[in-house]
Amino acid sequence: MDLEVLNGLLRPKSVAVVGASDTPGKIGYTVVRSLLESKYEGPIYPINPKGGTIQGLQAYTSVLEVPGEIDAAAVVVPAKLVPQVATECGQKGVKGLIVIASGFSEVGLHDLEDQVVTIAHEYGMRVLGPNIVGILSNSDKCNASFAPFLPLAGSAALVSQSGALLIAMDASTYIRRVGFDKMISIGNMSDVDFADLIEWLDQDASTECVSLYIEGIRDGRRFMETARKAGKPIVALKSGVSAHGAAAAASHTGSLAGAQKVYDAAFGQAGVVMASDLNNLFDRTLALSLQPPLTGDNLLILTNGGGVGVLATDSAERYGLPLRFAPKDVQVELKKHMPEFGSAKNPVDLTGMAGRDWYQDSTQYAYGHSWVDGLVVLYCETAMTDPQNIAEGIKAAVDASGVKGKPIVVSFVGGERSEAAMRWLVENGIPAYNEPDTAVNAMAALREYARNKAKASNGFTKLTDVDEAKARAIIAQVRAAGDRNVTEMESKMVFEAYGLPVVTSRQATTEDEAAEMANAMGYPIVMKILSPDILHKSDAGGVKVGLESEAEIREAFRTIMANAKAYNANADIHGVVVQKMAPWGTEVILGSVNDATFGPTLMFGLGGIFVEVLKDVTFRVAPVGVEETLSMLSDINGAPILKGVRGEAPRDTKALADVLSRYSQMICDLADEIQESDANPMIVYEEGAGACIVDARIILKPRKS
Ligand code: ACO
């Protein structure tokens, strides 16, 4: 990262507005107005061919005429003029261009956009945009945008791919009371992208939490790498996750890998917390910018109302933080701060009689206790209490406890007095929400952040007992034979080269050969059609299972051949696969997609109806170490099945985790060749007995033209 250049772009000490105007209603007018109204302290240089003065400021006909240095130039001239402006800015020594103008790649004019970036880079400048609103920074009193005013001051930073949304969020910070120091519009991301800004904001002293609105990421791997390294929490709202990928998918895995799932996996692995909608983005940003992460699962809820206590308890379970009863010593102490009929379990019900003292004392005790990892304090407005007084009691308790690094969130349910008290709490560093569910969700964000961060190291170690050259030779043979699908036999050979446990399978081209192989392998046998033109073998009548004798083998061979010819008369038939029937075990599916944004991505789930109907699968961006693959095994809803249910022995999860990690290496090593792949089904046996892949499929990337 070129810190000096990015500082010049994002915290400019002087700003030129190229296309500045004196005509109200023009964007070039508004940007100058915004800078003046935000009380920007550096020099503002309006640039307009007419010169003269603009809004009382000396205007210049070109940046080249400006006497002083220019850090950033906000560009508000029509798109076709931007390359010329960029050249002049480069000659002037401007550090960065804030290209507000639209009319570039978003309308198909990619070349024009590329031209601007090329010119900028020639002069060592960076480009924000084009097609953006601009940048806003409270700590720099800089509104170089056409958003009407700086956001409510705070310690979050928003990076938004949508300009309109940024303006809307800017205005709503005052209603929602969530403070931002910076808002950066990123638009077409021709040059400066999310990763650049995460890196830059991570070192920015005024930013505590990075909040992202994302429509698309260009380089998913770089995004993950930068997010992983960031020392500050990142929360992201991703839109446009509905119809991606599935339509073009050829394999089972491909059809299950919607963008939502892949993004969820990638963000989790990178330590990024997801938000579900705009409200949630604000709520989570508030907690992450004011409170430390929740590093353990012991959440304690204090309340004066049973109803909100139960609602919050339900929410805690929903968001993956199920409540546990507090230990005896905690209960005994808390009992001292409530009437006889209160409850010191969890949630702790101080009852409607609770006034400031009980709130303050119980908060101070609970917050200071080592068993409590995080505290949620709920309050229902009563006629006997003053919400402001309760708020001050909570804050005093937190301060008096002397505890640091432990999160607390609050929810007050009531009227205007409660709203005012919550505003005061937020101003004093305690996130407060008017809905218990929102408060618990915010606490869950602090937990997700801690969990994601803990596992964001990945822990993958490259295996050496794999034969990449052999796998590549098999793929090369397939490519040499024409642009066709990889057969089951070939797929299995690639898998085998990576040490994946493939069931013994051989290719037979004649009935006699099939019989001879079956006799040598031993019964029962499975026989399958082998043809690059028949992908759905069962649909073609191309699979026979449980063959017990030579006679059955011979009959199956003839039937399969006849069925295949009837199914597709032009199919290129390579014979059949003769394979030993794998003993019964637990069916799972393993697969991969080469995601357009994140590259090779691994999928795991239980097989059969679990994948067909319930779509109970989980994803990770590859490669993944054994620890991460173990977390995949516990991610799926059917996880208890692997642990052994109804008296069944636990499955060999150790072997499974190893297979997943190997598989993830295979799809990364061969990422230039493999588009999608499936090991479906793979059978997993009892602990110590391993697993075996029964069927395999690889779909190659289209040839490079
Ligand atoms: N250098 C400096 N100034 C110049 C130059 C030049 N080379 N050439 C022309 N100008 C002046 C013009 O004379 C004019 O000033 P004036 O009002 O004194 O005459 C000013 O620059 C602007 O030029 P116009 O041709 O009047 O252009 P206009 O203001 O109509 O539009 C704009 C320019 C705003 C950049 C427009 O092309 C555009 O892209 N609009 C969309 C911007 C946008 O919405 N971006 C954010 C997207 S996100 C969201 O949607 C919220």
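The values are calculated or read from the model by the stated rules, or taken from the named source; none is laboratory data. Owing to the predicted nature of the structure, the values given are computational and were not obtained by experimental measurement. Using ideal geometry, Cβ is built from the backbone for each residue, glycine included, and neighbour counts are taken over all protein chains shown. These area figures cover heavy atoms from the full protein model, side chains too; ligands, DNA and RNA do not enter into them. Shrake-Rupley method; radii C 1.70, N 1.55, O 1.52, S 1.80 Å.
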Single unsatisfied condition, Ile184 versus (1) in contact with an Asp or Glu (Cβ under 8 Å, 6 or more places away or on another chain); (2) surrounded by 23 or more Cβ atoms within 10 Å (Cβ to Cβ): (1)
Residue match in segment 61-78 (condition: in a helix (DSSP H, G or I), in contact with a Phe, Trp or Tyr (Cβ under 8 Å, 6 or more places away or on another chain) and at pLDDT 95 or above): yes
Test: residue in segment 454-471 that is under 18 Å from Leu288 (Cα atoms) and open to solvent by 30 Å² or more (accessible area, probe 1.4 Å): yes
So Thr559, is it at pLDDT 95 or above, more than 15 Å from Pro681 (Cα to Cα) and in a strand (DSSP E or B): no
Pick from segment 58-96, criterion away from the ligand (no atom under 13 Å from the Cβ) and crowded, with 18+ Cβ neighbours inside 10 Å, ranking: farthest from Ile135 (Cα to Cα): Gly90
Candidate set from segment 287-329 (those that are among the aliphatic types (A, V, I, L, M) and assigned to a strand (DSSP E or B)); member that is farthest from Glu448 (Cα to Cα): Leu302
Condition check for Leu311: over 22 Å from the mean Cα position of the chain (by Cα) and open to solvent by less than 10 Å² (accessible area, probe 1.4 Å): no
Residue in segment 379-388 that is within 30 Å of Asp635 (Cβ to Cβ), touching a Lys or Arg at 6+ places or on another chain (Cβ under 8 Å) and part of a loop (DSSP other than H, G, I, E, B) present: no
Failed item in (1) within 27 Å of Thr504 (Cβ to Cβ); (2) open to solvent by 10 Å² or more (accessible area, probe 1.4 Å); (3) outside any helix (DSSP H, G or I), with Ser677 passing the rest: (2)
Extreme residue, farthest from the ligand (Cβ to nearest atom), among residues of segment 45-55 that are crowded, with 17+ Cβ neighbours inside 10 Å and not in a loop (DSSP other than H, G, I, E, B): Tyr45
Looking only at segment 113-146, and only at residues there that are open to solvent by 30 Å² or more (accessible area, probe 1.4 Å) and either aromatic (Phe, Trp, Tyr) or within 13 Å of the ligand (Cβ to nearest atom) (or both), the one that is nearest to the chain's Cα centre (by Cα): Asn131
Test: residue in segment 431-453 that is in contact (Cβ under 8 Å) with a residue 40 or more places away in the chain, among the hydroxyl-bearing types (Ser, Thr, Tyr) and assigned to a helix (DSSP H, G or I): yes
Within segment 588-639, tally of residues that are closer than 24 Å to Glu673 by Cβ, open to solvent by 30 Å² or more (accessible area, probe 1.4 Å) and in contact with a helix residue (DSSP H, G or I) (Cβ under 7 Å, 6 or more places away or on another chain): 1
Meets criteria (without any contact (Cβ under 8 Å) to a residue 40 or more places away in the chain and under 22 Å from the mean Cα position of the chain (by Cα)) for Arg417: no
Criterion violated by Thr653 - all others in (1) out of contact with any Leu (no Cβ under 6 Å at 6 or more places or on another chain); (2) open to solvent by 30 Å² or more (accessible area, probe 1.4 Å) satisfied: (1)
For Pro339: the one exception among (1) open to solvent by 10 Å² or more (accessible area, probe 1.4 Å); (2) outside any helix (DSSP H, G or I); (3) within 26 Å of Gly271 (Cα to Cα): (3)
Those residues of segment 21-44 which are part of a loop (DSSP other than H, G, I, E, B), closer than 23 Å to Ala164 by Cβ and away from the ligand (no atom under 13 Å from the Cβ), in sequence order: Ser38
Index of the failed condition, Tyr663 passing every other in (1) farther than 30 Å from Gly482 by Cα; (2) surrounded by 22 or more Cβ atoms within 10 Å (Cβ to Cβ): (1)
Subset of segment 97-111 (residues that are crowded, with 18+ Cβ neighbours inside 10 Å and either more than 10 Å from the ligand (Cβ to nearest atom) or over 17 Å from Asn188 (Cβ atoms) (or both)): Leu97, Ile98
Qualifying residue in segment 557-567 (condition: within 45 Å of the chain's Cα centre (by Cα) and either more than 30 Å from Leu660 (Cβ to Cβ) or open to solvent by 40 Å² or more (accessible area, probe 1.4 Å) (or both)): yes
Criterion violated by Ala476 - all others in (1) assigned to a helix (DSSP H, G or I); (2) surrounded by 13 or more Cβ atoms within 10 Å (Cβ to Cβ) satisfied: (2)
Condition met for Pro12 (more than 9 Å from the ligand (Cβ to nearest atom) and part of a loop (DSSP other than H, G, I, E, B)): yes
Selection status of Val192, within 16 Å of the ligand (Cβ to nearest atom), under 16 Å from Gly8 (Cα atoms) and either open to solvent by 10 Å² or more (accessible area, probe 1.4 Å) or modelled with pLDDT of 95 or more (or both): yes
